[in-house]
Amino acid sequence: RPFHVEPTNIVSVNDDMQRVTDKASAMNKRIHYYSRLTSPADRALIAPDHVLPAPDEIYVYSPLGTAFKVDTCADGYGKNSSLVTIFMIWNTMMGTSILSIPWGIKQAGFTSGVILILLMGVLTLYCCYRVVKSRQMIPLIDTSNWEFPDVCKYYFGSFGQWSSLLFSMISLIGAMIVYWVLMSNFLFNTGKFIYNYVHDINVTDIVPGTNGSNNVICPSAASGHPPQNRSVVFSADNITGFTLFEKWWDKSQTVPFYLIAVLLPMLNLKSPSFFAKFNVLGTVSVVYLVFLVTVKAAHLGIHLEFNWFTENEYFVPEFRILFPQLTGVLTLAFFIHNCVITLLQNNRNQENNVRDLSVAYFLVGLTYLYVGVIIFASFPSPPLSKECIEQNFLDNFPSDDIMSFVARIFLLFQMMTVYPLLGYLARVQLLRQFFGNAYP
């Protein structure tokens, strides 16, 4: 860590150089000597953070006897404002769960769905608050660089440390795998839409749906049709080009490998501040998704009928025994507990961590509630049943819908901003446990 030199110990030789006194130099050598008596993972003899002054009073000592002022702390602290931290947590937590909230409300019932979103949001926020506060509850030990596995080790020993690390890795790596599959899917559909549009290939969905300019479809009702549920019409001149395109633009055999060229360089970046600021750009996709939901609802109108315990042809009851499916979705939708300490370590004002976390959870809960309620309420019933709401509500719009196409592009961009951050969190937690340093 940078060595602090008291301002009274800095002797100005000239305007371009700041010289360190013998007393400050001896203190610097003593601290470095003690820090090398133990392994890097053991912080017992490392100068604790509470003895260091504010970042604007920190200098880096040089063996040549000079001290240079440090603009920001070298460990990665103090780089992000509260606003960046809030939007980073908001965008990282949200992910693709927002697409499944309307389906979850349909499974639980409208009234019980709204209540469950509020209750699960408060419950997961409190649990996350306890995780953030867990380091501060440990006395007489510097826990400023601890991750959640370190806290578990303190309370539960090695079993707690490695079990928490294992489950954290499972959730992070599992999320990265799911994101890779979804990014491949969105990239494939985006490229195919562009190719069909440029070459004037007509794609017609063979599924039940409404008529008019704001068409809504019910893919789950097309069980008797071919798997693709669509017909393709093109001229004879385009057959060869279309076949070649299908060969090189395959959802499972080529497109996932194209993503490597884009994501691999970003996964190797070391700056957590870059990940945070880059991740905030993904918020644009959430804003557009809210805009899409608002526009679609304005054109479709509200279609609600309150049946508390009975179900009819077009509507579902307000309370259903399938509500655990929504709570399962919400458990992952509000989950950020295994990496919240890492995310908040880069907050410039550490005393605002709880406030910033609460604001981020409020924004996430509000977004889930708005999208879920509006899509469910505006789904056209009749003529379609509420049971037609898909697990990804974008699938309820036809393949040639322009706004849905743009939404898929924005979601692809959002996932590409979150993916490097997930990789960074997994790398930091794993390598620090084995080597005591995120970059050994």
Spin-label pair PHE435/PHE156, simplified geometry with 7 Å Cα→Cβ offset, distance in nm
2.7 nm
Cα centroid distance between region 383-440 and region 311-344, in Å?
17 Å
So if R0 is 41 Å, what FRET efficiency would LYS247 and VAL287 give, r being the distance between their Cβ atoms, rounded to the nearest 0.05?
0.65
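So which of LYS79/LYS133; LYS192/LYS296; LYS296/LYS386; LYS106/LYS251 end up more than 27 Å apart by C-alpha?
Cα-Cα > 27 Å for LYS106/LYS251; rest within.
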Taking all protein chains in place and a 1.4 Å probe, what share, in percent, of the accessible surface of region 109-180 do carbon and sulfur account for?
77 percent
Give me the extension gain from LEU166 to ALA298: residue separation times 0.36 nm, minus the current Cα-Cα distance, reported in nm with one decimal.
42.9 nm
I want to check the label-to-label distance for PHE309 and LEU269. Put each point 7 Å from Cα in the C-beta direction and report it in nm to one decimal.
5.6 nm
Among 405-412, 187-194, how do they line up by average Cβ neighbours within 10 Å per residue, starting with the highest?
405-412, 187-194
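The values are calculated or read from the model by the stated rules, or taken from the named source; none is laboratory data. All of these numbers come straight from a predicted model, not from anything done at the bench. Note: ideal-geometry Cβ built from the backbone for every residue, glycine included; neighbour counts use all protein chains shown. Ligands, DNA and RNA are excluded from the accessible area calculation, which covers all protein heavy atoms including side chains. Shrake-Rupley method; radii C 1.70, N 1.55, O 1.52, S 1.80 Å.
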